[in-house]
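Trainee: My questions all concern the structure below.
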Amino acid sequence: MTTEVPVPVTRAAGTARWGALAGVAAAAAGLGVAELAAVLIGPRSAPVVAVGGVVVDHVPAGVKDAAIAVFGVHDKTALIVGTVVLLALAAAGIGALAVRSLAYAVGGVALFGVIGVAAALTREGADASWALPSLVAVVAALAAGWFLLRLVPGPTPTGSAPARSPRTGSATTDSTPHDSTPTDSTPTDSTPTASATTGAATARRPRVETDPDARRRFLKNAGLVVAGAAVVGYAGRWMSTRRSVSAVRAAVTLPRPASPAPALPTGIDPPGAPGLSAYTTSNTNFYRIDTALSVPQVDPETWSLRIHGRVAKPITITWAELLQRPMVERYVTLACVSNEVGADLIGNARWLGVPVKDLLDEAQPLDGADQVVSRSVDGWTCGTPTGLLRDGRDALLAVGMNGEPLPIEHGFPVRMVVPGLYGYVSACKWITEIELTSFADFDAYWVPRGWSARGPIKTQSRIDTPRRNRDVAPGPVTVAGVAWAQHTGVTRVEVSVDDGAWSDATLAAGVSADTWRQWTFPWQATPGDHTLRVRATDATGAVQTEEETSVAPDGATGWHTVKVQVTD
Ligand SMILES: Nc1nc2c(c(=O)[nH]1)N[C@H]1C(S)=C(S)[C@@H](COP(=O)(O)O)O[C@H]1N2
Ligand SMILES: [Mo]
């Protein structure tokens with residue numbers, strides 16, 4: 001075998017890593033520039049967010065059932081990071097191939113461009129302009145890729161006249177007979193072909209060495225591309241934040257309620273139970289669950305709500321018109337169907353809004369329209385029984401939360417809140433549409449994903465303090481927590497210690513059947529391991545079931561049990 005034959009092969013093997021680096025840098029350039037373009041079009045048009053959104057909506061039901069049913073904040077970060085890592089790996093692969101032929105680069109970038117454009121264009125509310133960030137990304141990635149691939153350090157065949165580099169020293173010396181791999185090739189790089197060439201060349205040692213200056217030039221430029229992409233990307237993100245509706249929200253003045261919430265009775269938030277949930281959950285502590293990878297930014301001035309479908313009189317209402325209507329203010333405890341026994345996907349807030357019933361009465365639902373489908377600007381839907389929305393409960397189109405305009409991540413400017421129903425069948429955030437239909441005719445977002453079409457909240461109780469596996473000092477301890485049975489009301493909470501008889505806990509003052517009740521239970525803690533258990537009884541006399549069921553398809557049941565160690 002002559003040195004001439006293996007050189008091109010060795011070149012590909014040795015330069016693949018540089019190509020991979022060029023690929024990753026080019027992908028970074030594309031994503032960075034796309035973020036900037038997304039400032040103009042809207043953050044949901046950015047390729048990573050658009051593709052991530054498609055993934056969220058199409059993950060097979062079983063996968064999400066097994067993890068958490070309803071998308072939380074952590075799932076989102078994981079999804080975005082996962083998407084970026086996969087893209088980086090693909091870009092590295094494409095770059096490694098592109099050192100052989102630019103066609104791979106063009107093909108790879110085009111493929112990802114098509115995926116980005118297709119994802120963006122199929123998102124709810126998208127128009128043709130949503131293709132722009134992905135198209136701009138294609139151009140930037142191709143330009144950066146072409147630029148860097150031309151700088152990929154080429155090999156210098158050094159078999160007959162070794163060019164010794166003082167900087168790489170031993171790398172070019174013929175130190176051992178078996179040191180026959182190209183110097184800038186790691187063991188994983190040596191393909192069977194590469195080993196064959198080097199193995200056969202022991203006598204003549206066709207060494208390949210990259211020019212250190214070329215290497216430095218490449219790394220410097222690749223570094224510049226990545227740094228530039230990061231700067232541009234962050235600038236884009238920052239500008240998108242500046243274009244958020246937070247300033248608009250800050251300028252909103254909410255009307256006074258025609259029917260204010262009841263004043264909180266004394267005895268709410270009982271003293272002496274640190275760790276007990278406050279009766280009112282602050283906006284910052286309120287749990288957040290939704291499928292939105294980028295929080296929808298809805299300007300109230302352009303917002304409107306359309307009530308249509310099977311109604312005698314379709315209605316469209318603007319923000320100004322909504323604010324002119326008589327407002328009601330109520331405490332309502334919102335809960336997520338994915339809340340495990342003892343978990344904290346539940347919160348209680350004071351909501352200000354317009355009764356949904358009044359709007360429905362005006363629209364006049366037709367016979368058989370037993371489902372109200374609420375639709376968010378991002379296309380998410382939930383289905384609520386029409387009858388429940390008109391049965392007199394305080395179902396609200398809410399604009400205020402704890403005395404403030406709705407926080408953006410909690411649905412600004414308008415969301416629905418319905419006492420007694422899990423959020424996934426009632427609490428549509430960023431709502432823009434209400435369609436009267438039937439349960440037979442339409443499945444809302446979570447229904448085809450394995451969740452029940454009807455979602456009344458199940459009676460539950462939770463021990464907030466002492467916490468699981470906490471050390472407790474012997475002596476008097478206040479066991480405390482919350483219990484809920486929305487729209488029915490909790491009338492009794494009982495505690496059992498070490499599987500003993502049930503004893504009544506003390507219920508804190510109640511505000512309405514639509515909110516949780518706090519409870520306390522005095523306990524004389526004795527040294528050793530102990531089990532605390534709680535159960536609630538609702539106003540109909542039904543005792544919370546002991547049977548443990550999982551969150552899917554319609555909410556978890558079972559008694560919350562906490563084990564504690566009492567030690568001196
Ligand atoms: N637009 C939209 N609204 C939504 C959701 C969503 O994914 N998108 N999730 C629902 C679910 S599952 C719950 S539990 C509540 C949570 O409301 P919060 O985030 O204000 O606590 O919002 C509901 N409203
Ligand atoms: Mo939820």
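Trainee: Working only with C-alpha atoms, what are the Rg and Dmax values of region 94-148, expressed in angstrom?
Mentor: Cα-based Rg and Dmax for region 94-148 come out at 12.7, 42 Å.
Trainee: Specify the angular offset, from 0 to 90 degrees and rounded to the nearest 10, of the alpha carbon long axis of helix 6-41 from the longest principal axis of the alpha carbons in the chain.
Mentor: Value to nearest ten degrees: 40.
Trainee: Continuing with this model, one more query. Farthest toward the dipole's positive end in region 521-568, which of Val534, Gly555, Val566, given Cβ charges of +1 (Lys, Arg) and -1 (Asp, Glu) about the Cα centre?
Mentor: Positive-most Cα among the choices belongs to Val566.
Trainee: How would region 311-453 be classified by its alpha-carbon gyration tensor: rounded, prolate or oblate, with rounded meaning a/c under 1.5 and the a/b versus b/c comparison settling the rest?
Mentor: Because a/c hits 1.5 or more and a/b fails to exceed b/c, region 311-453 counts as oblate.
Trainee: Go through 316-327, 414-425, 243-254 and give me the packing order, highest mean Cβ count within 10 Å leading.
Mentor: 414-425, 316-327, 243-254
Trainee: List the GluC sites (Glu not before Pro) within region 475-568 that fall in a DSSP loop (any state other than H, G, I, E or B) and whose Cβ has at most 15 other Cβ atoms within 10 Å.
Mentor: Sites meeting the loop and neighbour criteria: Glu546, Glu547, Glu548.
Trainee: Nearest 500 deg cm²/dmol is fine: what mean residue ellipticity at 222 nm does the chain get from its DSSP H runs of n ≥ 4 alone, each adding -39,500 (n - 2.57), divided by its residue count?
Mentor: Result for the chain, helices only: -10500 deg cm²/dmol.
Trainee: So if R0 is 35 Å, what FRET efficiency would Ala258 and Ala539 give, r being the distance between their Cβ atoms, rounded to the nearest 0.05?
Mentor: According to the calculation, E is roughly 0.80.
Trainee: To continue, here is another question. What does the convex hull of the alpha-carbon atoms of region 387-473 project to on average, in nm²?
Mentor: For region 387-473, averaging the hull's shadow over all directions gives 9.2 nm².
Trainee: Suppose every Lys and Arg Cβ carries +1 and every Asp and Glu Cβ carries -1, with no other charges. What dipole size does region 508-553 come out with about its Cα centre, to the nearest 20 debye?
Mentor: Result for region 508-553 is approximately 200 debye, rounded to the nearest 20.
Trainee: Cα convex hull of region 229-312: how many Å³ per residue?
Mentor: Looking at region 229-312, the number lands at 263 Å³ per residue.
Trainee: Under the 0.36 nm per residue contour assumption, what length would be gained going from the current alpha-carbon distance of Asp358 and Thr77 to full extension?
Mentor: Difference between extended and current length: 97.2 nm.
Trainee: Can you work out the FRET efficiency for the pair Glu404 and Asp499, with r the C-beta to C-beta distance and R0 = 45 Å, to the nearest 0.05?
Mentor: It comes out at approximately 0.50.
Trainee: Work out how far the C-alpha atoms of region 469-515 reach from end to end along every principal axis, then list the three figures in whole Å, largest first.
Mentor: Extents along the principal axes, in whole Å: 38, 20, 18.
Trainee: Convex hull volume of the Cα atoms in region 444-568, per residue, in Å³?
Mentor: Taking the convex hull of the Cα positions in region 444-568, it is 112 Å³ per residue.
Trainee: How large is ³J(HN,Hα) for each residue in region 87-100, as worked out from phi by the Karplus curve 6.51 cos²θ - 1.76 cosθ + 1.60 (θ = phi - 60°), to whole Hz, x for Gly and Pro?
Mentor: 4, 4, 5, 4, 5, 5, x, 5, x, 4, 6, 5, 5, 7
Trainee: Please list log₁₀ I(q)/I(0) at q = 0.06, 0.07, 0.12 Å⁻¹ for the chain, using the Debye equation with identical point scatterers on the alpha-carbon positions.
Mentor: Rounded to two decimals, the profile gives -0.46, -0.58, -1.10.
Trainee: From the backbone phi of region 321-330, what are the Karplus-calculated ³J(HN,Hα) couplings (6.51 cos²θ - 1.76 cosθ + 1.60, θ = phi - 60°) in whole Hz, Gly and Pro given as x?
Mentor: 5, 4, 5, 6, 6, x, 9, 10, 10, 9
Trainee: Provide the gained length on full extension for the span Val106 to Asn283, in nm with one decimal, where the gain is 0.36 nm per separating residue minus the Cα-Cα distance.
Mentor: Going from the current span to full extension adds 58.9 nm.
Trainee: Using the Karplus curve 6.51 cos²θ - 1.76 cosθ + 1.60 with θ = phi - 60°, what ³J(HN,Hα) values do you get for each residue of region 269-286, in whole Hz, with x for Gly and Pro?
Mentor: Going residue by residue, I get 6, x, x, x, 10, x, x, 6, 4, 5, 4, 9, 7, 5, 4, 6, 8, 5 Hz, with x marking Gly and Pro.
Trainee: Still on this structure, please answer the following. Given points 7 Å out from each Cα along the Cα-Cβ axis, report the Trp238 to Leu366 separation in nanometres with one decimal.
Mentor: Taking the simple label geometry, Trp238 and Leu366 are separated by 5.5 nm.
Trainee: Report for the chain the percent antiparallel among DSSP-assigned beta bridges with both residues inside it, nearest 5.
Mentor: Taking every DSSP beta bridge within the chain, about 90 percent pair in antiparallel fashion.
Trainee: To continue, here is another question. Between His308 and Ala473, what FRET efficiency comes out of the Förster formula 1/(1 + (r/R0)^6) with R0 = 51 Å and r the beta carbon distance, rounded to 0.05?
Mentor: Here the calculated transfer efficiency is 0.25.
Trainee: Obtain the nm distance between the two label points defined at Ser129 and Glu547 by a simple spin-label model: each point lies 7 Å from its Cα along the Cα-to-C-beta direction.
Mentor: The two pseudo-label positions are separated by 5.4 nm.
Trainee: Return the long-range amide H neighbours of Gly411 (sequence gap of 5 or more, or a different chain), with a cut-off of under 5 Å between placed amide H atoms.
Mentor: Excluding prolines and chain starts, which carry no amide H, the hits are Trp430.
Trainee: I'd like the Kirkwood hydrodynamic radius of region 288-377, using the inverse of the mean 1/r over distinct C-alpha pairs, in Å.
Mentor: Over region 288-377, the inverse of the mean reciprocal pair distance is 15.9 Å.
None of the figures in this text is laboratory data; all of them are computed from the coordinates on show. Fair warning: this is a prediction, and the values are worked out from it, not measured in the lab. For neighbour counting, all protein chains shown are included, and Cβ atoms are generated from backbone atoms with ideal geometry for every residue, glycine included.
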